[in-house]
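K.L.:
Here you go, one structure.
The values are calculated or read from the model by the stated rules, or taken from the named source; none is laboratory data. Nothing here was measured: the structure is a model prediction, and the numbers come from that model. All Cβ positions, glycine included, derive from the backbone under ideal geometry; neighbour counts span all protein chains shown. Surface accessibility is based on the protein's heavy atoms, side chains included, excluding ligands, DNA and RNA. Shrake-Rupley method; radii C 1.70, N 1.55, O 1.52, S 1.80 Å.
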Amino acid sequence: MKTLYLILLLCLTALPASAFTPDGEELAGGLRKNFGPLTSWEAKMTFPDYPEVSVKVWYAGGKWRQEWQAGDSAMAIGRGGTVVGSCTVEGFASSPLFVWMPPAPLDSWKSWGVDETTGNFGFCGDIPCFMLGVEPGDDTRPAVYLNNEDFAPLLVRYASESGMITVEFLDYKTFAGYRVPQRVVVLAGDERLEAAVEWVRLNGANKPELYERDLFAVRPCAEPSMPFQFLRDSFRYPLVR
């Protein structure tokens with residue numbers, strides 16, 4: 001009996017760690033099952049440190065629209081990290097929600113430099129998570145940390161023009177049949193920004209007039225106050241390889 005136990009122990013310890021982690025096909029399948037039907041959304045972001053400022057965000061298949069409210073309003077439309085049209089002169093802020101669930105997420109993460117051949121299980125705070133792209137303890141390389149059960153993104157880290165950026169998605173809840181974060185934390189260099197997220201609509205924000213340049217006409221506007229400047233100057237959409 002002792003010999004049998006020893007053989008079983010050797011067999012288990014000889015298995016590579018990757019045998020217990022989802023491969024690319026399994027991960028893509030899980031993402032399609034849990035988030036594939038989610039093609040558009042509308043949300044409102046507020047900022048605990050800047051209670052007078054809010055922003056509405058619409059997103060559909062990589063296209064986006066933002067409307068900032070900080071006394072006056074400021075609007076822009078774009079796709080990915082590109083601003084297509086805006087009312088400001090000095091450029092426009094990106095939203096950390098743009099990197100939450102991009103189209104074809106696994107392909108997007110790979111294009112952002114995440115090594116899909118490396119994956120390990122660990123903990124994100126108190127939550128068991130799957131670390132895609134890094135070994136445990138590596139906080140320097142591009143990576144995506146996912147909830148073990150539904151593959152909801154808990155953390156996205158990537159390289160940008162201004163250096164490494166980390167976006168954490170926290171306090172998930174179920175809304176309209178999908179798991180969505182209620183809080184977002186952005187880390188860019190030594191700067192940190194926290195935002196609360198109120199989800200308004202899922203799969204009902206794909207009207208062309210929200211995103212089309214020819215239908216976007218606004219008067220010139222003043223640049224909103226912080227945290228608009230932080231998101232414009234320090235936060236960047238991932239570099240695509």
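K.L.:
For the chain, take the longest principal axis of its alpha carbons; what is the angle in degrees between that and the long axis of helix 2-14, to the nearest 10 within 0 to 90?
P.N.:
30 degrees
K.L.:
How would region 118-204 be classified by its alpha-carbon gyration tensor: rounded, prolate or oblate, with rounded meaning a/c under 1.5 and the a/b versus b/c comparison settling the rest?
P.N.:
On the way: a/c = 2.09, a/b = 1.27, b/c = 1.65.
In terms of gyration-tensor shape, oblate.
K.L.:
What shape does region 175-230 have by the C-alpha gyration tensor, where a ≥ b ≥ c are the square roots of the eigenvalues, rounded means a/c under 1.5, and otherwise prolate means a/b greater than b/c and oblate the rest? Write out the running numbers ahead of the final one.
P.N.:
Numbers: a/c = 2.86, a/b = 1.09, b/c = 2.63.
Cα axes put region 175-230 in the oblate bin.
K.L.:
Cut-off under 18 Å on the C-alpha distance; same-chain residues fewer than 8 positions from Lys63 excluded. Which aspartates and glutamates are left, in chain and number order?
P.N.:
By straight Cα distance, Lys63 reaches Glu42, Asp107, Glu209, Glu212, Asp214.
K.L.:
Leaving out ligands, DNA and RNA, what percent of the accessible area of region 133-235 is carbon and sulfur, probe 1.4 Å?
P.N.:
Working: 2330 of 5190 Å².
That share works out to 45 percent.
K.L.:
Lysines within cross-link reach of Lys33: Cα-Cα under 20 Å, excluding same-chain residues under 8 positions apart?
P.N.:
Here the lysines satisfying the reach criterion relative to Lys33 are Lys110, Lys173.
K.L.:
While we're on this one: Tell me, in nm to one decimal, what length is gained between Asn203 and Ser111 on full extension, where the rule is 0.36 nm per residue of separation less the Cα-Cα distance? List each step's numbers first, then the result.
P.N.:
Details: separation 92, 0.36 × 92 = 33.12 nm, distance 2.53 nm.
Gain in length upon complete extension: 30.6 nm.
K.L.:
Determine, from the Cβ-Cβ distance of Gln69 and Arg141 and an R0 of 35 Å, the FRET efficiency 1/(1 + (r/R0)^6), rounded to the nearest 0.05. Don't skip to the answer; put the middle values down first.
P.N.:
Values: r = 37 Å, r/R0 = 1.06.
Efficiency for this residue pair is about 0.40.
K.L.:
Related question: Using a 7 Å offset from the Cα along the Cα-to-Cβ direction at both Lys44 and Glu149, what is the distance between the two label points in nm, to one decimal?
P.N.:
Between Lys44 and Glu149, the label points sit 3.0 nm apart.
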